[in-house]
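The values are calculated or read from the model by the stated rules, or taken from the named source; none is laboratory data. Values in this document were obtained by computation on a predicted structure and should not be read as measured data. For neighbour counting, all protein chains shown are included, and Cβ atoms are generated from backbone atoms with ideal geometry for every residue, glycine included. The protein model used for the area step is the full one, side chains on, heavy atoms only, and it has no ligands, DNA or RNA in it. Shrake-Rupley method; radii C 1.70, N 1.55, O 1.52, S 1.80 Å.
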Amino acid sequence: MATTAAPYGLRPINLIGGQVFAGSTRQLPIASGQTTNIFFGDIVAIDATNGTIVKVTNVGSAADQFPAGVVGVFLGCTYTDPTLKYKLNSQYWPSGTVASDAMAYICDDPDTLFQIQANGSVAQTSLGANFPVIQTAGSTTTGDSKIALNASGGNTTSTIAFRLVDFVNGPFSTVGDAYTDCIVKFNFGQHSYYNATGV
């Protein structure tokens, strides 16, 4: 996997200190007709104008910081399909869907560790650095995000979105691979639960 560019967004794997991620999510509303696809593994925020969930399109660099309302990572949704007239569980939110009961499942624990593929090679010497992401449209076929870690964006700047805390080491992934699989967490102040500024 780590020798082929196949980004898959952010996948929760566990919590800081080795605590288990038990699959717990928070349900928050999506506005009926919301006009942006939201894919499994995308970063989401609370829209300050109406209190609903929206996809974050910023990359989380010092020049393009996340909004104050970031609440975590999108892990699917449920809504009543306007054509079929029954409730669906969906891997992604289809843009423009009219559904007054739409709810997003969000991994909202700011201590969650996520696996993410970088868009290039990340060396062991980058451990502990802060990284932004690359925003790419997800797949409407699989419903999965295609967000990747920006391999060239590693820095010490405190306003960069993610902290690199480890690497994925296994049969198909090694530190420094062409498209390194990394383990990251939201940097302090980038997740709204650890940000004193309200939405």
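With the simple model of a label 7 Å out from the Cα in the direction of the Cβ, THR35 to LYS87 spans 2.9 nm.
Taking each residue as 0.36 nm, the span from ALA196 to ALA178 lengthens on full extension beyond its C-alpha to C-alpha distance by 2.7 nm. Pairs of Cα atoms nearer than 8 Å and 6+ residues apart set the relative contact order; for the range 84-168 it is 31 percent.
Charge tally for LYS146 (other residues, Cβ to Cβ under 15 Å; Lys, Arg +1; Asp, Glu -1): -1. With all protein chains kept in place, the per residue accessible area of the chain amounts to 45 square angstrom at a probe of 1.4 angstrom. Placing unit charges on the Cβ atoms only, positive for Lys and Arg and negative for Asp and Glu, gives the chain a dipole magnitude near 140 debye about its Cα centre. Between THR125 and ASN50, take the C-beta separation as r, use R0 = 30 Å, and let me know the FRET efficiency to the nearest 0.05. Efficiency, rounded to the nearest 0.05: 0.10. At an R0 of 30 angstrom, the distance between the Cβ atoms of ASP166 and ASP64 translates into a FRET efficiency of 0.75. Can you tell me, using C-alpha contacts under 8 Å and at least 6 residues apart, the relative contact order of the chain as a whole percent? Rounded, it is 28 percent for the chain. Given a Förster distance of 22 Å, report the FRET efficiency between VAL98 and THR140 from their Cβ-Cβ distance, rounded to the nearest 0.05. It comes out at approximately 0.80.
Across the options THR142, THR157, PRO110, the greatest Cα extent toward the positive end of the charge dipole of the range 45-199 (unit charges at beta carbon of Lys, Arg, Asp, Glu) belongs to THR142.
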